[in-house]
1. Note the full-extension length gain between K346 and E3 as 0.36 nm times their separation in residues minus their Cα-Cα distance, in nm to one decimal.
2. Among L54, L329, N161, which residue has its Cα furthest toward the positive end of the charge dipole of the chain, with +1 on Lys/Arg Cβ and -1 on Asp/Glu Cβ?
3. Looking at region 55-152, which trypsin sites (Lys or Arg not before Pro) are DSSP coil and have at most 16 other C-beta atoms within 10 Å of their C-beta?
4. Among bridges DSSP assigns within region 351-465, what percent are antiparallel (round to 5)?
5. Tell me, what is the FRET efficiency for E273 and N154 to the nearest 0.05, using R0 = 51 angstrom and their Cβ-Cβ distance as r?
6. For region 351-465, with the dipole built from +1 on Lys and Arg beta-carbon atoms and -1 on Asp and Glu ones, taken about the Cα centre, which of T418, Q382, V407 lies farthest toward the positive end?
7. Given labels modelled 7 Å from the Cα in the Cβ direction, how far is it in nm from E400 to N443?
8. When the Debye formula is applied to the Cα atoms of region 56-201, each taken as the same point scatterer, what base-10 log of I(q)/I(0) results at q = 0.09 Å⁻¹?
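Here, each number is a calculation from the coordinates, and none is a lab measurement. Since we're looking at a predicted model, the values are computed, not measured. In this analysis, Cβ positions are derived from the backbone assuming ideal geometry, glycine residues included, and neighbour counts consider all displayed protein chains.
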Amino acid sequence: MLEKHCYAIGGRINFNYDTVSLCHGIDIGDRIIWNIKENIEFTPLLYRQRIDELIVANNSKCPVCSGCSNLIEGFRKSKKIDIITINPMYFCQCRCVYCGNFRGDHHSLYDPLPIIKSFIDEGMISDNCLFDWGGGEPTISEQFEEIFQFLLKNGYMQRVNTNAIEISDIVLNHMDNELVSLRISLDSGNADTYLSTKGRNMFNRVVENIKRYRSKSENILLKYVITNTNSDEKSIEDFIRLSADMGIRAICIDTDMLSYGWDEYPDLLRFTEKELNAAHLLRKLAHENGLKVQIGYVWTARNNDVPSRDFNQIQSVSELIENNETYALPDELSEFHRKRIAEFAKGIVPKVLASFETLYSEFRDKKIILYGAGHNGKHLLQCLRKFGMDAYRFCDREKEGMVIDGVTVCQIGDVIETMDNNTVIIITPYCVKDIIREFNEKNYEILRGKLYYIDEFRYSDRVLEEME
């Protein structure tokens, strides 16, 4: 019987904020091989031991990576590491609706550079290894410049995934080096879509920064992560037009990874037929405008027939321009997605707000009903008042008739009887799935288009400080 292996086991490593992992497994979750809480040094020897243990475990009767489409019988184990991801922190200036990596510190809990040096000394990293910077926003990490310069000096390729809200001088000054490329997640073609998807009023600033980077090099990939906030035709057409106007030669079409997330996540219809059709439209328009297209590997996740691995990773835009797409878009939704959206496919679902900045921009003149008068609801009320807004009512059946912080609590039925076109309802409890199920069972069709949800961490004190 042939052994089961995966390209990431021995071929990839991720240096994260507080862990080391082999993959960011969409199918089954990250395969973590070291955690800083272990209080032992991560060395080449420990890495080899953990790899050997994982290989044995994956070829047992109960493989630890069972269910992952990348675990393939007969696939040869990688001899050297050829892709290293560096995620030095989970802090970012954006509030992307599809990501929560903006709440951490500006630095990693450990320094990956000595580890990288030891792996190089042991001959464990291939000469053409790609160092892929992520995060958070890597360019504002305290560790970025030192590691970036070391890798550049030693002739390694680096791809910096950035939001381009800030210009990185060290990246800008080395954009003429073929070893350096940028992948910028713009996710929009106009300011309104940027705000609803990225959660910040930074569109014009980002566009100007992209132009500065482009003036130095064509080695830039503009990324469009498709979710239900940017899957309309206008946003896609604007993105293609803007890309062409800026002289961008290649784009990346990717999906919202949270659409693969836990079942209780509030925005159940984040990825539907509409989003898949948007991806096909984006690719079609890109080709019509002479743009090359990279298809993100995430598209194949949750499909047991198609591994989500990316063996032939396009490592620079110049390679992409000379080659075809790395993946084809699927013609239909995966079975995973079809099952996930089945219950609410025709029902009422909330629109998820990317940030309090999005809420403020869209609703400062609206009559706001806060559904839920618990901790989250009261906290959101305080935030509204901090920025000159207020709530018209709380809606909470367990506290009906009470007055909380000066706001009357009523039932949802009372709201429905009196609501007008200027009314919006913001759900604050996390048990959104149960709430929406109840609304659909009672056929509250009048709530369609008026229902929203925002996670509490998107209006935390630190997030609000950046708005002031």
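1. 119.0 nm
2. About the Cα centre, the residue reaching furthest to the positive side is L329.
3. Within region 55-152, the qualifying trypsin sites (Lys or Arg not before Pro) (loop, at most 16 other Cβ atoms within 10 Å) are K61, R76, K77, K79, K80, R103.
4. Values: 2 of 17 bridges.
Of the beta bridges lying entirely in region 351-465, close to 10 percent run antiparallel.
5. 0.60
6. Q382
7. Result for the modelled spin labels: 2.1 nm.
8. -0.37
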